[in-house]
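The values are calculated or read from the model by the stated rules, or taken from the named source; none is laboratory data. As the structure is a prediction and not an experimental result, all values here were calculated from the model. Cβ coordinates were reconstructed from backbone atoms using ideal geometry, including for glycine residues, and neighbour counts include every protein chain displayed.
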Amino acid sequence: MFADRMPDVADLQRRLDAHGYIAERSLAATLLLALEMRRPLLLEGEAGVGKTEVGKALARLLDARLIRLQCYEGLDAHAAMYEWNYQRQLLAIKLLEQDARPLPEKEHDIFSERYLLQRPLLEAITCVPAAVLLIDEIDRTDEAFEAYLLELLSDFQMSIPELGVIRAAERPYVVLTSNGTREISDALRRRCLYHYIDYPDFDKELRIVRAQVPDAADGLARQVVEFVQSVRKLDLQKKPGVAETLDWIAALLRLGVRALDAQGVDAILDTLSALVKTREDRAGLTRPVVERLAASC
């Protein structure tokens, strides 16, 4: 898996850092176990805390292909696993009308792999070398879809009635994410290692800002992180995640803001659309509230 040697936890942290993801030791340890044991990893946490980025960083770290399944309400198994190319099959049926072979042989031709359209899950288990499979926001699907995943996550194989069982040529590295909008089934949890990603503390978020927005002066970066950490303590419908922190500091820089002070309150108010994402939360960040938060930075 690694060209030189299997890293320890601290080494994996450094490697992730070098590939653009800052991970605390507990996450690095869980990820290392997932790599060693080749077990799926379930990441839970609020939206915007960096769960999806773990899968992307892992693909960069392993120099592997990233195959992403973005989940949504109503996602069915065929859209995620495979579908038959019905148009090509109908054309083939028309061409086979004059074929004298027995019907079972012609059916075998029609339901062959050349007419199979690979969707993300089938694509992942047939990919060589092993890919990183990111199943994003699994909580948006229903329990019926989770049940389809169990065979894949436990045995790394997929059953296609017309073809039989397709087993993984190489086991993919699997990362699942959940925002916690519904409870994930025990059956799926048992097949995964688990880690909860919380909002970062000040030091970690500052490191992320420095890494992702190197043009920002250190003083502004510190003030922005302090401001966002204070905003998260307010009674909000949706607390800003790290993605919003990065968007906001980019917006401030675009308007030429170099410090969060009394002179910069108008700029803060003008850029809050990058930080808070609901009408109610925006209404709660009044000028007096913003002035108070800016003064404390």
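Descriptive notes on the structure:
- So Glu146, is it loosely packed, with under 15 Cβ neighbours inside 10 Å and either farther than 23 Å from Ala57 by Cα or among the charged types (D, E, K, R) (or both): no
- Residues of the stretch 66-76 that are buried (at least 16 other Cβ atoms within 10 Å of the Cβ) and over 11 Å from Val175 (Cα atoms): Cys71, Leu75.
- When restricted to residues that are touching a Leu at 6+ places or on another chain (Cβ under 7 Å) and exposed (fewer than 14 other Cβ atoms within 10 Å of the Cβ), the stretch 166-188 contains 0.
- Those strands (runs of 3 or more DSSP E) of the stretch 1-93 in which 1 or more residues are touching a residue at least 60 places away in the same chain (Cβ under 8 Å), basic (Lys, Arg) and under 26 Å from Leu121 (Cβ atoms) occupy 66-70.
- Qualifying residue in the stretch 248-257 (condition: loosely packed, with under 14 Cβ neighbours inside 10 Å, in a helix (DSSP H, G or I) and assigned by TED's automatic domain parsing to the domain that holds Val289): yes
- Applying the criterion of being over 25 Å from the mean Cα position of the chain (by Cα) and not hydroxyl-bearing (Ser, Thr, Tyr) to the residues of the stretch 225-244, the residue that is farthest from Leu16 (Cα to Cα) is Asp235.
- Residue in the stretch 171-184 that is farther than 27 Å from Ile22 by Cα and in contact with a helix residue (DSSP H, G or I) (Cβ under 7 Å, 6 or more places away or on another chain) present: yes
- Residue list for the stretch 215-247, restricted to those being surrounded by 14 or more Cβ atoms within 10 Å (Cβ to Cβ), of a type in the set (D, E, K, R) and farther than 12 Å from Val276 by Cβ: Arg222, Glu226
- Scope the stretch 41-59; condition at pLDDT below 95 and aliphatic (A, V, I, L, M); matching residues: Ala47, Val49
- Put simply, of Ala47, Ala57 the only residue that is in contact with a Phe, Trp or Tyr (Cβ under 6 Å, 6 or more places away or on another chain) and buried (at least 17 other Cβ atoms within 10 Å of the Cβ) is Ala57.
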